[in-house]
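Trainee: One structure follows; several queries about it will come next.
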Amino acid sequence: MAAPTEFDRTGMERICGFVNGKGGVLKTTLTANIGALLASFGWKVLLVDMDPQGNLGLDLGYRHEPQDDDGRALAQSLLFDAPLAPLKDVRANLDVVPGGSELDQAAAGLISKGSRDSSKAKLALAHSLAPVAADYDIILIDCPPGNEPLQVAALGAASYVVVPTKTDKAGREGLIGVAKRLDAVLDVNPNLDLLGVIITATSSTATNVHRTTRESITETFGDDAVLFKGMVRHAEAPAQAARDRGVLVHELEEQVKAAPKWWEVRKGTAQAVQNQPRSAANVAEDLYQVTHELVARLEAAEKRNAS
């Protein structure tokens, strides 16, 4: 293996990438909701959307709005070292670097850059984030599932990795792809740490399926301790409602709680509102628990690294 490339990561100690080689495992949902919950706790948070689909903007409600540049500024930063200009206060304490279709061109440019100097392509996002990283308590990166140059650039910038996975075979196979991507950036990011694996889009009663998934995770990473205790349950109605309305799950839960009761509408003392998914509270609780566990794992990792 080549000697690690020297890169000053001062101020970049809390950059966490959410990554899996397969799509549909709730990477964007976790990035948006965990980021917003941390912001609500008082953390200063930056979210980076490295996905050409730009779905983080749907979850946060800015997609296709005038401030949404479809990933243009991020693409220019990755390719030409242009300074990042995050969208400010998308939520209180929460800034965002938007993604979108402009990142497809950036991916092609990173391949060209990598053919000349692989370390520059792998460190492209790290160079972009270095000037702003110290302004934030944590940076979360939503990584694309199948775009290798963008995924590698995200891992080149990250200090920690969180891997969401579904319990199906495709989700578990995506873990193998993650392990390979981690190996690919060790020459430029030798201290990259796996923070944990989160089971998503599951049923809390599927114990046999969970056991099979745990065994697969242990086989892939060599230790079942990487598995988060908390899981995020499957609930189609709140997921669809949250994205359609551009709100986060805990915000949707607040809307559900504030909605008038059926008898108030019938008596004429309140107006009916659009259907509210009652299962939002379950998913909101899952995300809240996973967020607290992420913080605990992060603090434990930092303590280990400091000793």
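The values are calculated or read from the model by the stated rules, or taken from the named source; none is laboratory data. All values reported here derive from a predicted model rather than from experimental measurement. So basically every Cβ, Gly included, is an ideal-geometry build from the backbone, and we count neighbours across all protein chains shown. Please note that ligands, DNA and RNA were not included when accessible areas were found on the heavy atoms of the full protein model with its side chains. Shrake-Rupley method; radii C 1.70, N 1.55, O 1.52, S 1.80 Å.
Trainee: Measuring with a 1.4 Å probe in the full set of protein chains, what accessible area per residue, in whole Å², belongs to the chain?
Mentor: Per-residue accessible area for the chain comes out at 46 Å².
Trainee: Further question on the same structure: Under a 5 Å amide H to amide H cut-off, with H placed in plane at 1.01 Å, what residues pair with Asp51 once short-range neighbours are removed?
Mentor: Gly100
Trainee: Using a 10 Å cut-off on Cβ atoms, rank the peptides 149-157, 92-100 from the highest mean neighbour count down.
Mentor: 149-157, 92-100
Trainee: Additional query: Which ³J(HN,Hα) values, rounded to whole Hz and listed in residue order, are derived for segment 23-37 from phi using the Karplus coefficients 6.51, -1.76 and 1.60 in 6.51 cos²θ - 1.76 cosθ + 1.60 with θ = phi - 60°, glycine and proline given as x?
Mentor: Working through the residues one at a time gives x, x, 10, 6, 4, 5, 4, 5, 4, 5, 6, 5, x, 5, 5 Hz.
Trainee: Short version: ³J(HN,Hα) in whole Hz for each residue of segment 58-63, in order, from phi by Karplus 6.51 cos²θ - 1.76 cosθ + 1.60 (θ = phi - 60°), x for Gly and Pro, what are they?
Mentor: 5, 5, 9, x, 10, 4
Trainee: Another question, then. How would segment 89-236 be classified by its alpha-carbon gyration tensor: rounded, prolate or oblate, with rounded meaning a/c under 1.5 and the a/b versus b/c comparison settling the rest? Let's see the in-between values first.
Mentor: Details: a/c = 1.93, a/b = 1.52, b/c = 1.27.
Taking the square roots of the gyration eigenvalues as a ≥ b ≥ c, segment 89-236 is prolate.
Trainee: Hey, another quick one. Per the helix-only calculation at 222 nm, which mean residue ellipticity applies to the chain, given -39500 (n - 2.57) for every DSSP H run of n ≥ 4 and division by its residues, nearest 500 deg cm²/dmol?
Mentor: So the calculated ellipticity at 222 nm is -14500 deg cm²/dmol.
Trainee: Now, a different point. In whole percent, and with a 1.4 Å probe on the protein chains, what portion of the accessible area of the chain is carbon and sulfur?
Mentor: Working: 7020 of 14180 Å².
Roughly 50 percent of what the probe reaches on the chain is carbon or sulfur.
Trainee: Treat each spin label as a single point 7 Å out from the Cα along the C-beta direction, and report the Glu215 to Trp43 distance in nm.
Mentor: 3.4 nm
Trainee: Zone of Lys169 (label point 7 Å along Cα→Cβ, backbone N under 17 Å): which residues in segment 18-33?
Mentor: Output list for this probe position: 22-23.
Trainee: So what is the relative contact order for the chain, in percent, with contacts set as C-alpha pairs under 8 Å and at least six apart?
Mentor: Relative contact order comes out at 22 percent.
Trainee: Over segment 77-184, what relative contact order in percent results from Cα pairs under 8 Å that are six or more residues apart? Don't skip to the end; give the middle numbers.
Mentor: Working: 96 pairs, mean separation 24.0, N = 108.
Contact order relative to length: 22 percent.
Trainee: For segment 292-304, just list the computed ³J(HN,Hα) in residue order, Karplus coefficients 6.51, -1.76 and 1.60, θ = phi - 60°, integers in Hz, with x standing in for Gly and Pro.
Mentor: Calculated HN-Hα couplings, in order: 5, 5, 4, 4, 5, 5, 4, 5, 5, 5, 5, 5, 4 Hz.
Trainee: Related question: Express as a percent, rounded to the nearest 5, the fraction of DSSP beta bridges in the chain (both residues included) that run antiparallel.
Mentor: 5 percent
Trainee: OK, next. Mind checking which lysines have their Cα closer than 22 Å to the Cα of Lys229? Skip sequence neighbours fewer than 8 apart in that chain.
Mentor: Within reach: Lys22, Lys27, Lys166, Lys169, Lys303.
Trainee: By its C-alpha gyration tensor, with a ≥ b ≥ c as the square roots of the eigenvalues, how is segment 14-67 shaped: rounded for a/c under 1.5, else prolate for a/b larger than b/c, else oblate? Display every interim value, and only then the final one.
Mentor: On the way: a/c = 1.86, a/b = 1.11, b/c = 1.68.
Cα axes put segment 14-67 in the oblate bin.
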